[in-house]
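The structure appears below as structure tokens.
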Amino acid sequence: MSNTAFSVLGLFDSSQQLMEAIPSVKAKVSARLNAYTPYPVHGIGKALGLRKSPVGGMVFVMGLIGALSAMAFELWTAGIDYPLVTAGKPYLSWQSFVPIMFEVTVLFACFTSGLGMLFLLNRLPFFRHPMLRSKSMPFVTRDKFALAVEAEGQALDVDAAAAALRAAGAQMIEVVEQPAPLAPVSPNFLMRVFSVIGISCLVAGCLTYWGVKLFPVTIPMVHMLDQPRLDPQQENSYFGDGFGMRMPVAGTVARIPLPYAVKSQNDASALGNPLPRTESVLKQGRQAYDTVCAVCHGLLANGEPSLTSAYGAKPANLVAEKIRNYSDGMIHFVIMNGKNAMPSYASDLTQDERWAVVHYLRALQRALNAKDTDIPKESRK
Amino acid sequence: MNSEAVASTNELIPEILRHPPVLDGVVTPDGLDDQVLSTVERKPPRAWFIAFTCTGIAMLTGLGLMGYTAAMGIGVWGNNIPVAWAFDITNFVFWIGIGHAGTLISAILLLFRARWRNSISRFAEAMTIFAVMVAGLFPLLHVGRPWLGFWLLPYPNQRGIWPNFRSPLIWDVFAVSTYFSVSLLFWYLGLVPDLASLRDRTRSSVRKFIYSVLSVGWRGSAFHWIHFERAYLIIAGIATGLVLSVHSVVSFDFAVSLVPGWHMTIFPPYFVTGAIFAGFAMVVMAMVVVRTTMNLNHIITMYHLEVMNKIILTCSCLMGYAYLLEGWTAWYSMNKFVHHAFWAYIAGTYAWAGWLTIACNVLVPQLFWVRRFRRSYPVMLLVAFGVTVGMWFERFVIIVSSLHQDYMPSAWHLYKPTYVDIGILLGSFGLFFTLVLLFARVLPVIATSETKAALPGAQPRHAGGSYE
């Protein structure tokens, strides 16, 4: 009996001899048998009594998870988290999500099969396995077939196993020794390992920080900002006066109303709304409001927008008392010049549209703060 | 091996239907190892260095021009509206297609138990991986700012928006990246037992360390092989669906749009066939070079080349059918824009490319009806080269000819490539063949453990009969 032997190997010349040896060795020794072969030998699992591979079931489960998670993710992103209409399709247009669902299923299934087989079922990588140090290994990965009587942590009767293998026709017998147990790790070594890991993390962190911060804006990655053109008000030596911009030709007439010469919101309060409060003006105001303003201030102007919370800033509630007390001119001034996070909409709306928006906003403010007296007498109960 | 059993089964089969031997002469497992695995241990011959220098120069030219494109923007290409897709997307579709033969050989032929695949599967799989790597460069360059390519992936960002999963271009991102990672995994799994063989035969300690790490301690245990075979078969089964899906998804980039000449239901099968066609042509060319320069005539035999040439002939006939059907679809559509696109193919400015496509893809491969031509080096190199040229021009015609005259005559525009376009095309071939040459020197070009398992006498007889 030996306590240090991991296994006893017998080498055979062909798979046929190996298969014939298995039953005769099995009859003589009680320890577990294993075989090492250069390629898969058909029927060997059955002869050794190994269980069937569970890889099929694993692949099925993970493939299903891949399919369901891909579809759920696509439905959630495209239909719930940030609903966008694309090509007039409904938000939850599952048909167009099928190709990606298929690809993700394949990805999950194949990686489960391949890596699950290698790392989970075959318990690799395993560099300290005693077999890898044996003299027989180079023969096994070349053209010989090894039958092994393995100790599995028990004491192994080396002589009996060797005799059984020899009787079964093995050309070469080798006793593979259990490797010496690893020495305990010294604190000094652990210290060094942890400091190396720590320094690597620090360096990687700094590099990532600077990489992310600087890399996308380093030349040539300047996002089309660097263009051969003149920006407004830019200096240029081409003309004698040194200006890049030119004055309009003498006698040029403006085609749009000149901007109001108001400097502040208080100055603007004096401006009155030049448009009459007719149905067509209100319709024009609604059209412009829904196009430009509603995305932030909400369709009801109550500051509850369709915008996702990811936007961050909180748009103003335009039906609140503060804004209701603004004069028309002050509201117009904000549309022209912006306020806080809101940019100027002067170039998005014409002057008439801006005043129409003011009228429409007044209608919304009144509708959301309606009094009983606003209801026509004949409709009251 | 079980010679009586083989003889008795063979007697039942008429001679003309019997399988010819896959390998020439006597091949033994140790002889196979010595020949295939020793190439990675020897110094490469002079011819290899000459070839490597040529492909390396082409590769560097291409990479330099790619860098120039990234720095200057894609204005240095000939692309201009309406021909926004030109050489870049042509190259992308072409190279993705080249990869398909490898997956077909490794996955579909494994399922069909076509034993001749063993000798060529490793090389063809490597070509798949390199072709997809080359292909992947083009959409990245095409977007103009390749360093922002990660925007195509769904990751939580501060804008709170996600990619448009209804777009075939995003399907493409998923299809191509899945295809690449699954091909790489499949190739690596097949390599593990061979890397273990290399680990155990090398004498250099540096090599031993590298091969030990790469082969993750593979020891050929019976229970390893049981899981391995099962997993390998399952991946092959799934990859079969994958290989059919990838070029279908690429074809959706075209077919889902409304461009006349693209919006056709025939596109997915047409693209998949074309991909396999071009891929096999590339494999045939590579195999002729490999078997002659690496002295592997008895392992990659004339039989292998002939079988692949038969596949090329089949695909060629299917391509001819697809071209005819394209004309028929145009006529049947009763749509004058589609009619116009079809006339542009055969009589427009780019008609020369259209006719070159038909000549190279449909007419020249018909030589393979003759057995003598299927087994002749000059003829098969001619046909394979012709198919490669023809398939590249097919994609060029589909893309440029359809785009240059679309619905609005005021926007019509002729496309002319610049030197940057041509240099990058050249560079893509340089990059591909540089990678192939490196692979042929550092890894076994033949799947030795798979080939050993299929040698005569490799498997034991048992009750179920023979595997021969």
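The values are calculated or read from the model by the stated rules, or taken from the named source; none is laboratory data. Here the structure is a predicted model, which is why all the values come from computation and not from measurement. Here the Cβ is made from the backbone with ideal geometry for all residues, glycine too, and neighbour counts use every protein chain on show. These area figures cover heavy atoms from the full protein model, side chains too; ligands, DNA and RNA do not enter into them. Shrake-Rupley method; radii C 1.70, N 1.55, O 1.52, S 1.80 Å.
Could you run through region A:173-218 and say how many residues are in a helix (DSSP H, G or I) and β-branched (Val, Ile, Thr)?
So in region A:173-218, the residues in a helix (DSSP H, G or I) come out as A:187-217.
Right, trim to β-branched (Val, Ile, Thr) and you get A:193, A:196-197, A:199, A:203, A:208, A:212, A:217.
So the count comes out to 8.
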**OP:** Taking B:Gly56 as the residue in question, decide whether it is of a type in the set (Gly, Ala, Ser) and either farther than 24 Å from B:Glu125 by Cα or modelled with pLDDT of 90 or more (or both).
**Re:** yes
Original post:
Does A:Ala146 fit the bill of being within 14 Å of chain B (Cβ to nearest Cβ), in contact with a helix residue (DSSP H, G or I) (Cβ under 7 Å, 6 or more places away or on another chain), within 29 Å of B:Ala196 (Cβ to Cβ) and surrounded by 12 or more Cβ atoms within 10 Å (Cβ to Cβ)?
Top reply: yes
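With respect to A:Phe97, is the statement that it is within 7 Å of chain B (Cβ to nearest Cβ), under 20 Å from B:Pro168 (Cβ atoms), open to solvent by less than 40 Å² (accessible area, probe 1.4 Å) and aromatic (Phe, Trp, Tyr) true? Explain how you work it out, then say what you get.
Working: within 7 Å of chain B (Cβ to nearest Cβ): yes; under 20 Å from B:Pro168 (Cβ atoms): yes; open to solvent by less than 40 Å² (accessible area, probe 1.4 Å): yes; aromatic (Phe, Trp, Tyr): yes.
Yes: the conditions hold for A:Phe97.
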Original post:
Restricting to region B:64-109, what's the tally of residues that are within 18 Å of the chain's Cα centre (by Cα) and among the small types (Gly, Ala, Ser)?
Top reply: 6
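Just checking, which of A:Ala151, A:Ala167 is small (Gly, Ala, Ser), open to solvent by 50 Å² or more (accessible area, probe 1.4 Å), under 30 Å from B:Pro460 (Cβ atoms) and away from chain B (no Cβ under 14 Å)? Before the answer, list the steps.
On the way: A:Ala151 fails: open to solvent by 50 Å² or more (accessible area, probe 1.4 Å).
The unique qualifying residue is A:Ala167.
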Original post:
Taking into account only those residues within region A:77-92 that are open to solvent by less than 20 Å² (accessible area, probe 1.4 Å) and touching a residue at least 12 places away in the same chain (Cβ under 8 Å), which is nearest to B:Trp171 (Cα to Cα)?
Top reply: A:Ala78
Subject >> Those residues of region A:24-59 which are more than 7 Å from chain B (Cβ to nearest Cβ) and not in a helix (DSSP H, G or I), in sequence order >> reply: A:Val29, A:Ser30, A:Ala31, A:Arg32, A:Leu33, A:Gly49, A:Arg51, A:Lys52, A:Pro54
**OP:** Would you check which residues across region B:221-236 are more than 7 Å from chain A (Cβ to nearest Cβ) and either closer than 29 Å to A:Ser136 by Cα or open to solvent by 30 Å² or more (accessible area, probe 1.4 Å) (or both) and list them?
**Re:** B:Tyr232, B:Leu233
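Yes/no matrix, rows are residues, columns are (1) crowded, with 21+ Cβ neighbours inside 10 Å; (2) of a type in the set (Gly, Ala, Ser); (3) within 14 Å of chain A (Cβ to nearest Cβ):
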| residue | (1), (2), (3) |
| --- | --- |
| B:Ala114 | no, yes, no |
| B:Ile120 | yes, no, no |
| B:Ala124 | yes, yes, no |
| B:Val134 | yes, no, no |
| B:Phe138 | yes, no, no |
| B:Leu148 | no, no, yes |
| B:Gln158 | no, no, yes |
| B:Ile161 | no, no, yes |
| B:Pro168 | no, no, yes |
Subject >> Which listed residue, of B:Ile98, B:Ile89, B:Ile105, is in contact with a Lys or Arg (Cβ under 6 Å, 6 or more places away or on another chain) and either surrounded by fewer than 24 Cβ atoms within 10 Å (Cβ to Cβ) or in a helix (DSSP H, G or I) (or both) >> reply: B:Ile105
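Looking only at region A:7-18, which residues are surrounded by fewer than 23 Cβ atoms within 10 Å (Cβ to Cβ) and either within 10 Å of another protein chain (Cβ to nearest Cβ) or under 51 Å from the mean Cα position of the chain (by Cα) (or both)?
Start the filter on region A:7-18 by keeping residues that are surrounded by fewer than 23 Cβ atoms within 10 Å (Cβ to Cβ), which leaves A:11, A:13-14, A:16-17.
Scanning region A:7-18 gives A:Ser14, A:Gln16, A:Gln17.
Select from region A:275-289 the residues that are open to solvent by 60 Å² or more (accessible area, probe 1.4 Å) and either under 51 Å from the mean Cα position of the chain (by Cα) or basic (Lys, Arg) (or both) and list them in ascending order. Spell out how you get there, then give the answer.
Here is the first cut: in region A:275-289, the residues open to solvent by 60 Å² or more (accessible area, probe 1.4 Å) are A:276-277, A:279-280, A:283-284, A:286-287.
Selection gives A:Arg277, A:Glu279, A:Ser280, A:Lys283, A:Gln284, A:Arg286, A:Gln287.
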Original post:
Of the residues that make up region B:191-198, is at least one assigned to a loop (DSSP other than H, G, I, E, B), modelled with pLDDT under 95 and either more than 8 Å from chain A (Cβ to nearest Cβ) or under 27 Å from B:Pro29 (Cβ atoms) (or both)?
Top reply: no
Subject >> Given (1) surrounded by fewer than 17 Cβ atoms within 10 Å (Cβ to Cβ); (2) closer than 30 Å to B:Ile235 by Cβ; (3) in contact with a helix residue (DSSP H, G or I) (Cβ under 7 Å, 6 or more places away or on another chain), index of the condition B:Ser38 fails >> reply: (3)
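For the condition more than 9 Å from chain B (Cβ to nearest Cβ), part of a helix (DSSP H, G or I), open to solvent by less than 30 Å² (accessible area, probe 1.4 Å) and modelled with pLDDT of 95 or more, what is the one hit in A:Ala67, A:Ala109, A:Ala72, A:Ala161?
Numbers: A:Ala109 fails: more than 9 Å from chain B (Cβ to nearest Cβ); A:Ala72 fails: open to solvent by less than 30 Å² (accessible area, probe 1.4 Å); A:Ala161 fails: modelled with pLDDT of 95 or more.
Among A:Ala67, A:Ala109, A:Ala72, A:Ala161, only A:Ala67 is more than 9 Å from chain B (Cβ to nearest Cβ), part of a helix (DSSP H, G or I), open to solvent by less than 30 Å² (accessible area, probe 1.4 Å) and modelled with pLDDT of 95 or more.
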